[in-house]
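The values are calculated or read from the model by the stated rules, or taken from the named source; none is laboratory data. Computed from a predicted structure; not experimentally measured. Neighbour counts run over all protein chains shown; Cβ positions are idealised from the backbone, glycine included.
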Amino acid sequence: MKDQDLTITISVNQTPKEAFDAINNVRGWWSEEVKGGTEKLNDEFTYKARHLHRCTMKLTEVIPYQKVVWLVLDNYFSFTQDQTEWQNTKIVFEISEKDGKTQVRFTHQGLVPQHECYEVCSNAWTGYITGSLYNLITTGKGEPNPKES
């Protein structure tokens, strides 16, 4: 069976360092509601999107300018019956150089088409990676979810 994990790849003209720094600026591209550390090995942070989604991530691998891995420790979706779909999955950012550009390969290991949240989650990740993260890397300004008042 072929690998079904969600994978999204973007290419930018910026350096691997600029891509790495943007990935670790989670509040700059995913959500201003993120609480906790997002840059160092063993940092933990929480993400919250209104009443729809909340999760806790732990950085389990941080290789400067090459790779960042988040482990999903806990997760809740208001729109799925199975609350364990994301638990113990990994979100992997791999940074490499290809054809004179910096390539960022995003993989959510364990997010597969059989999951109840797959369509919603894959659409959301695609928007965050190809839109907000891409823009943060290339222009210095992403479009994260704003702080909830």
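Pairs linking a residue in the range 1-26 that is within 19 Å of W70 (Cβ to Cβ) to a residue that is of a type in the set (A, V, I, L, M, F, W, C) and part of a loop (DSSP other than H, G, I, E, B), with Cβ atoms under 6 Å and 6 or more positions apart or on different chains, are L6/L111; V26/V34. Exactly one residue out of Q66, Q87 is free of Cβ contacts under 8 Å to residues at least 24 places away in the same chain and within 25 Å of K40 (Cα to Cα): that is Q87. When every residue of the range 108-126 is checked against the conditions, at least one turns out to be closer than 24 Å to T84 by Cβ, in contact with a Ser or Thr (Cβ under 8 Å, 6 or more places away or on another chain) and in a strand (DSSP E or B).
Taking the criterion of being over 13 Å from the mean Cα position of the chain (by Cα) and either at pLDDT below 95 or within 17 Å of F77 (Cβ to Cβ) (or both), the only residue of the range 120-144 that qualifies is V120.
Specify which of the listed residues (K90, K141, K67) is out of contact with any Leu (no Cβ under 7 Å at 6 or more places or on another chain), of a type in the set (K, R) and surrounded by 15 or more Cβ atoms within 10 Å (Cβ to Cβ). Sole residue among the options that is out of contact with any Leu (no Cβ under 7 Å at 6 or more places or on another chain), of a type in the set (K, R) and surrounded by 15 or more Cβ atoms within 10 Å (Cβ to Cβ): K67. Using the structure shown, decide if K2 is modelled with pLDDT under 95 and assigned to a strand (DSSP E or B). Considered against the rule, which asks whether it is modelled with pLDDT under 95 and assigned to a strand (DSSP E or B), K2 comes out as no. Scoring K40 on the criteria (1) among the basic types (K, R); (2) touching a residue at least 24 places away in the same chain (Cβ under 8 Å); (3) farther than 20 Å from T84 by Cα leaves a single failure, condition (2).
Among the conditions (1) in contact (Cβ under 8 Å) with a residue 40 or more places away in the chain; (2) buried (at least 19 other Cβ atoms within 10 Å of the Cβ), the only one that T126 does not satisfy is (2).
Give the range 55-83 a look and list any residue that's assigned to a loop (DSSP other than H, G, I, E, B) and at pLDDT 95 or above, or say none. Show your work before the answer.
Let us first name the residues in the range 55-83 that are assigned to a loop (DSSP other than H, G, I, E, B), namely 64-66, 78-83.
Listed by number, the residues that qualify are P64, Y65, Q66.
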